[in-house]
Each structure stands twice: as structure tokens, then as C-alpha cells.
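Comments concern the structure below.
Derivation of every value follows stated rules applied to the coordinates shown; laboratory data play no part. Bear in mind that the values here come from a model prediction, so they are computed numbers and not experimental data. Note: ideal-geometry Cβ built from the backbone for every residue, glycine included; neighbour counts use all protein chains shown.
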Amino acid sequence: MTSERWMPQTDHDHAVMGVLTSVRALSDAMDRMHSGMKGDMDMNSTDLAALRLLIMREQAGVPVSPREIAAHLRITTASTTKLLDRLELSGHIERRAHPRDRRARVVVLTDAAKQAFFRTFGAHLKAMRGVATHYDEGELAVIRRFMDELSGAIDPQR
């Protein structure tokens, strides 16, 4: 594709444009949701991204180190320390000894942070889960593959 505006020519091109338009609409909706959450929880976007990472990893049973937070957010260790200090001071996280390596530290959400996160995000999550339940396992596998490939195309370092 050149730098000129791409115009769909075939039915497939139109279908691709329809999907990309829907992706953009989803991105806009996610931005609005996250903006509302930032305001409700009195956080900036980096704070909220850190909390989302901690929620997802906790649900998977995977401990999170400060270094992993820095890598995920693509911020320096100094910025990560400031972020964690801010989240700890606000009562959202605790730093604890790693469960298997007592020399290392892990970051965990407080119960209050989990409650605030799900109070703010829970209705959205329930609605999103409701949409996903309308698809069978095969369709969900295709959707997941598409979303993963699209994420990789946008952010190859993810």
C-alpha cells in the first residue's frame, strides 16, 4: 500500500475495511471506558495499565515483579519505582517478598484495589463476556487469533 489513501476495490477489500472500522470503534470504546475508570479511580493511564496487568496476572496465578511492570509499561526502573510508590501510598498495591525467592520482590493488589477495579470495570467485563458467549469455541479461536495477530501487527514488542 502506498501513502495514498487506500480505496477498497473488491468485496474482500470492503470486508477488510469493515473489520478495521469495527476495530477502530472498539479502540474508541476502550479509550472512553479507560478514561472513565481513570477518573473514577483517580489514576493516570500508566497507573491503570499497571493495575490491569496485576489483575490479569493474579487471575492466572503468576506473580509480578517490579521489573516485569517496567517492561510491560516500557518505562524506566526509576519511573516504575515512582509508580509503585504512588500506588502503594494510595492503598492500591503492596510490595511483598517473592513466594519462592525471598530476595526478590513482587507487587500485589490490595483487596481494596481489587474491589474498586471490579466496581468500576465489572459491568463492562460482564457485558463483554456476554458478547463472547454468543460464539462457539471455533469462532472464538478465530477471533482470538485475529486479535492476537492484530495486536502483534500494531505492537510487535508486546
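With a cut-off of 8 Å between alpha carbons and a minimum separation of six or more residues, what is the relative contact order of the range 12-154 in percent?
After rounding, I find 18 percent.
Do me a favour and compute the ellipsoid semi-axes for the range 12-154 from its Cα gyration tensor, root of five times each eigenvalue, largest one first, whole Å. Write down the numbers at each step before the final one.
Details: eigenvalues 195, 60, 52 Å².
Each semi-axis is √(5λ); the values are 31, 17, 16 Å.
Quick one: helix 111-132 against the long Cα principal axis of the chain, what's the angle to the nearest 10°, folded into 0 to 90?
Helix 111-132 and the main axis of the chain meet at about 20 degrees.
Between LEU20 and GLN59, what FRET efficiency comes out of the Förster formula 1/(1 + (r/R0)^6) with R0 = 30 Å and r the beta carbon distance, rounded to 0.05?
It comes out at approximately 0.50.
How big is the Kirkwood radius of the range 107-158, worked out from every pair of different alpha carbons and given in Å to one decimal? If you can, show how the numbers build up before the last one.
Values: mean 1/r = 0.0742 Å⁻¹.
With all distinct Cα pairs of the range 107-158 included, I get 13.5 Å.
Explain nothing, just the number: dipole magnitude of the chain about its Cα centre with +1 on each Lys and Arg Cβ and -1 on each Asp and Glu Cβ, in debye rounded to the nearest 20. Intermediate results must be reported in sequence, preceding the final value.
On the way: 23 positive and 21 negative charges, 175 e Å.
It works out to roughly 840 debye.
Using Cα atoms only, what is the angle between the long axis of helix 45-60 and the major principal axis of the chain, expressed in degrees (0 to 90) to the nearest 10?
90
As a test of the formula, what do you get for the chain when each DSSP H run with n ≥ 4 contributes -39,500 (n - 2.57) and the sum is divided by the residue count, at 222 nm and rounded to the nearest 500 deg cm²/dmol?
Details: 6 runs with 108 residues, N = 158.
Result for the chain, helices only: -23000 deg cm²/dmol.
Whose amide H sits under 5 Å from the amide H of ILE93, counting only residues 5 or more places off or on another chain, with H placed in the peptide plane?
GLU88, THR110
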